[in-house]
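What follows is a set of notes on a single structure, which appears directly below.
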Amino acid sequence: MKMNRNTSGLYLHIPFCQGKCRYCDFYSVNFDLELVEEYVNCLKKELILYSSLFNNKDGRKPVLETVFFGGGTPGLLTGSQLAEILDLLSGEFNLASNAEISMEVNPSSMTEEKLQDYHSAGVNRLSIGVQSFNDRELSFLGRRHDSREALEKIELSARYFDNYSIDLIYAIPGQGIADWERNLRQAVQLSPQHISLYSLQIEEGTPLAKALAAGEFKKTDDALDAEMYLLARQVLTTNGYEHYEISNFARKGYQSRHNRLYWEFKPYLGVGAAAHSFIPPERFWNHADLFLYMEKLGAGELPVEERIELTWEEQMAEMVFMGLRLLEGVSLVEFYDLFNVDLTEYYAREIEKLESQGLISLNDDRICLTERGLLLGNLVFMEFLP
Ligand code: SF4
């Protein structure tokens, strides 16, 4: 097994939460101090197993350009747990000196002491799960903070981190276009370096899905959803943010380097329960069940649940539909370099259809989504599925 193609990233999944948000269908378990400690030990065991697998014959360690702590709520880790993991990483892997080390945090579990500790341990980017600055919307989503706490914690974060991102959710039932614009203007006023936006999806089995079925609210209609998206594009781009991926906006020099690996079809390793990895040509993922994950590591085994080897055709399709998420699109030259195939010839029929529908555009070196394509991305991506 080899990490290659120049840039590699590491994702660490921390599947603990202080409670369940009403819209969330991710696997997570209730926070428990002892369980987290045991879990951190397992993460370290998993990292050591991979380090020995990846070590080249000449003893050189694999280079990591990005590290991302996602969840769940990684901000529930103590400063010393985080430092232990990062220390181990520096010893077992070759952590690039300018590596981007990101961490997802929630306002409700953030303290000044933790921010200080995370910063001294080496974290250099925060992704803050704000979701809204409106108390009614926060309570509808089942978040554990209100707008006052969100503002307070963002200001605190800015004291320790010059690179932080804010997540916002739109198309929340009952949210009007003016409410959404207030959220956007508030975000812009705080001036984070990066903003991510997600349209609320009501996933099966969540408390929100049950409330919807019981007729407690109506879903936001598609037209308003699209209007909100276009408004965000307009407000953020006129305030110095570059729209660089379907859901992501950044000031110059502050795009998420880790997430770009996914969109650029580059390799990454995921550790922790339910974490996914892509080491070409394989995709593989760990057991989601925390206890099964820990049991496997306890027995000295990798906790991988399944592996699939992508065919050549699947790899080409993935590179196209993941790359199209970036507004700069997919480079025809890079595609050729990787597959020795001319993208425009191989997908001639799909490209002609999507171009005639005004969903993609093709210039000399790149194929990308149009503004209409940004709104109908899924239709475009489906065309490339093998
Ligand atoms: S904090 Fe994040 S992972 Fe945890 S329940 Fe809420 S949305 Fe889900």
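Values in this text are rule-based calculations from the coordinates and carry no lab data. All of these numbers come straight from a predicted model, not from anything done at the bench. FYI the Cβ positions are ideal-geometry reconstructions off the backbone, even for glycines, and counts take in every protein chain you see.
Helix-only mean residue ellipticity at 222 nm, the chain, DSSP H runs n ≥ 4 weighted -39,500 (n - 2.57), per residue, nearest 500. What is it? Please report the intermediate quantities before stating the final value.
Working: 16 runs with 165 residues, N = 386.
That comes out to -12500 deg cm²/dmol.
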* Any idea how far the Cα center of region 87-120 sits from the one of region 282-325, in Å? -> 24 Å
* **Alpha carbon convex hull of region 193-348, volume per residue in cubic angstrom** => 185 Å³
* Please give, to one decimal in nm, the separation of the simple spin-label points placed at residue 152 and residue 252, each 7 Å out from Cα toward the Cβ. => 3.7 nm
* Asked: In sequence order, what are the phi-derived ³J(HN,Hα) couplings for region 282-291 according to the Karplus relation 6.51 cos²θ - 1.76 cosθ + 1.60 with θ = phi - 60°, rounded to whole Hz, with x for glycine and proline?
  -> 9, 10, 8, 9, 8, 4, 7, 5, 4, 6
* May I have the extent of the alpha carbons of region 314-386 along their three principal axes, as whole Å values ordered from largest to smallest? => 30, 25, 20
* Asked: What are the extents of the Cα atoms of region 220-274 along their three principal axes, listed from largest to smallest and rounded to whole Å?
  -> 38, 30, 18
* Phi to ³J(HN,Hα) by Karplus 6.51 cos²θ - 1.76 cosθ + 1.60 over region 273-280, Hz, x for Gly, Pro -> 4, 6, 6, 9, 10, 9, 10, x
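Rounded to the nearest 0.05, what FRET efficiency do residue 30 and residue 116 have when you use their Cβ-Cβ distance and R0 = 25 Å?
Working: r = 26 Å, r/R0 = 1.06.
Once rounded, the FRET efficiency stands at 0.40.
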* How many nm separate the modelled label positions at residue 97 and residue 382, each set 7 Å beyond the Cα in the direction of the Cβ? -> 5.0 nm
* For residue 41 and residue 337 in one chain, what is 0.36 nm times their gap in residues minus the Cα-Cα distance, to one decimal in nm? -> 102.5 nm
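Quick one: plug the Kirkwood hydrodynamic radius of the chain (C-alpha pairs) into Stokes-Einstein at 20 °C, 1.002 mPa s, and report D in µm²/s.
My calculation gives 97 µm²/s for D.
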* Structure fact -> If amide H atoms are modeled at 1.01 Å from N in the peptide plane, then the residues at a separation of 5 or more from residue 360, or on another chain, having amide H under 5 Å from its own are 355, 370
* Asked: Relative to a virtual label point 7 Å from the Cα of residue 307 in the Cα→beta-carbon direction, which members of region 267-283 show backbone nitrogen distances below 13 Å?
  -> 277-283
* Roughly how many debye, to the nearest 20, is the charge dipole of region 9-263 about its Cα centre, given +1 on each Lys and Arg Cβ, -1 on each Asp and Glu Cβ, and no other charges? -> 420 debye
* Asked: Long-range amide H contacts for residue 131: which residues qualify at under 5 Å (H placed 1.01 Å from N, peptide plane, sequence gap of 5 or more or a different chain)?
  -> 167, 168, 169
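Could you state, as a whole-number percent, how many of the C-alpha pairs of region 1-131 are farther apart than 24 Å?
Values: 2581 of 8515 pairs.
The proportion of pairs with Cα distances above 24 Å equals 30 percent.
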* Asked: For residue 24, which sequence-distant residues (separation of 5 or more, or a different chain) have an amide H within less than 5 Å of its own amide H, given hydrogens modelled in the peptide plane?
  -> none
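Under the 0.36 nm per residue contour assumption, what length would be gained going from the current alpha-carbon distance of residue 51 and residue 370 to full extension? Intermediate values should be presented prior to the final figure.
Details: separation 319, 0.36 × 319 = 114.84 nm, distance 4.20 nm.
Fully extending the segment from residue 51 to residue 370 adds 110.6 nm.
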